[in-house]
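Data first, discussion second: the structure below is written as structure tokens.
The values are calculated or read from the model by the stated rules, or taken from the named source; none is laboratory data. This one's a predicted model, so the numbers in the text were calculated from it and none came from an experiment. Please note: Cβ atoms are built from the backbone with ideal geometry, for glycine as well, and neighbour counts cover all protein chains shown. Calculation scope for accessible area: heavy atoms of the full protein, side chains included, ligands and nucleic acids excluded. Shrake-Rupley method; radii C 1.70, N 1.55, O 1.52, S 1.80 Å.
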Amino acid sequence: MTKKWIDSKLWNQTKRQYNIYLRNATPDNRIHIKNTDFFSNGTQVVSWENEVLPNANPFTFKRIFTDSLNNIYSDNNSVWLHPKLSLNMPILIDTNLLGKTIRLLEGDYDTDFILQIDNTLWFSVIENRQFKLGSITVDMATFQKINDSHYIDKNTFYGSNHQQGVFKIEGVDPRTVTKFDNIFSISGNQVFYYNGVLEHADAATFRQQENYYLDKKHVWEGTKLLEGFDPHSFEIVDWRLGLVKDANNVRICWKNIENADASTVELIDVYHGAYWRDKQHIWYFNQQLQPLTLPDDGELYFYPKSNFCRVGQNIWCQAHLLEGVDVETFTVIKPTIGRDKNYYYYEEHRYTHQEYAEKDVERYYTFG
């Protein structure tokens, strides 16, 4: 008698295509469908509460996408969206799909999903602060991604963002669209970003400088136009802090610093590099150290490997003035913890020695 051998490749392919492990499921012995929130009762897909998902085939039912908000399921004939915060059953996106292309075009925990069902794209949109399903028909034979903001097919130029999903940008010949970077595209003398046209931008002189963009007349922080900034005198003092200036303006951490003297701005190379100054003032990020005027109030001193600095009889932790500090006995314990003969200081907090011990402040201390 000849022994029959199983084609292992075919068997593994079959297991990947069908949920073979569910073959023994019954209504009294439900089996969990792997990587889903559902079970098989032998012939149906059911929830934990035994609610039936209509027309779903448990042997081909699989999760094809997940992120922090949604799961998408398919059994090759239907596709469902299941919001994770919803207590309801999944929402049917489309059905009668046998023989049609069902493909996750994009999507992960950092990228919104775009689901292709033949020539229709499905995605989430936000309307009135609520997530809803949106869709658009495209020519998939010529559909291609330009960058994270844009797509084209043979007929249309498309934008893409969190609010609208994928949408048409009218009046642009897709054959003229070129990628500038992962955010911006150019067509003719227009610059486009994820919401559409970047107003005021001159494509011929549009250029990038770290996280900033400039043309012959304007400066943008990402896609935000910086009113009053001059591209010819624009300078990035420190890109990590977002500290920038031109001849007359200073900006850091998305905030204009009105009283900073642009001509004397410089980064102070100290612990974590978050301090900067002009000829009279010091800032920690976008917070000014007060009350302080240099050089009238004294010489600036930074305590080594810490976020403490001193001018005259005042000491600051980051931008917080230490009230009642005794300068002569002050010493640094940790980068943002110091003490003198009377108190402990932790950022903007002050403790007596007894309070510091009772609260066990250092036990929960973190920095950086």
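Annotations
- Residues satisfying the stated conditions in region 62-111, i.e. crowded, with 17+ Cβ neighbours inside 10 Å, part of a loop (DSSP other than H, G, I, E, B) and of a type in the set (Ser, Thr, Tyr): Ser78
- Within region 11-28, residues that are outside any helix (DSSP H, G or I) sit with their Cβ atoms under 8 Å from residues that are at pLDDT 90 or above and of a type in the set (Ser, Thr, Tyr), at 6+ positions apart or across chains, in these pairs: Tyr18/Thr60; Asn19/Ser40; Asn19/Thr60; Ala25/Ser40.
- Members of region 354-368 found to be open to solvent by 60 Å² or more (accessible area, probe 1.4 Å) and of a type outside the set (D, E, K, R), listed by number: Gln354, Ala357, Tyr364, Thr366, Phe367, Gly368
- A Cβ distance below 8 Å, combined with a sequence gap of six or more or placement on separate chains, defines the contacts here; from region 124-145, residues that are acidic (Asp, Glu) reach residues that are open to solvent by 100 Å² or more (accessible area, probe 1.4 Å) in the pairs Asp139/Lys154; Asp139/Asn155.
- Sole exception among (1) more than 30 Å from Asn119 (Cα to Cα); (2) open to solvent by 20 Å² or more (accessible area, probe 1.4 Å); (3) assigned to a loop (DSSP other than H, G, I, E, B) for Gln208, by number: (3)
Yes or no, residue by residue, for (1) in a loop (DSSP other than H, G, I, E, B); (2) open to solvent by 60 Å² or more (accessible area, probe 1.4 Å); (3) within 26 Å of Thr142 (Cα to Cα):
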site: Arg175; (1), (2), (3): no, yes, yes
site: Asp181; (1), (2), (3): yes, no, yes
site: Ile186; (1), (2), (3): no, no, yes
site: Phe192; (1), (2), (3): no, no, yes
site: Ala201; (1), (2), (3): yes, no, no
site: Ala204; (1), (2), (3): no, yes, no
site: Tyr213; (1), (2), (3): no, no, no
site: Lys217; (1), (2), (3): yes, yes, no
site: Trp220; (1), (2), (3): no, no, no
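- Residues of region 297-315 that turn out to be in a loop (DSSP other than H, G, I, E, B) and either buried (at least 18 other Cβ atoms within 10 Å of the Cβ) or touching a residue at least 24 places away in the same chain (Cβ under 8 Å) (or both), as a count: 5
- Test result for Tyr284, out of contact with any His (no Cβ under 7 Å at 6 or more places or on another chain), among the hydroxyl-bearing types (Ser, Thr, Tyr) and surrounded by 14 or more Cβ atoms within 10 Å (Cβ to Cβ): yes
- Of all the residues in region 316-332, those that are in contact with a strand residue (DSSP E or B) (Cβ under 9 Å, 6 or more places away or on another chain) and without any contact (Cβ under 8 Å) to a residue 24 or more places away in the chain number 6.
- Scan of region 135-152 for residues that are open to solvent by 10 Å² or more (accessible area, probe 1.4 Å) and of a type outside the set (Val, Ile, Thr), ordered by number: Ser135, Asp139, Met140, Ala141, Phe143, Gln144, Lys145, Asp148
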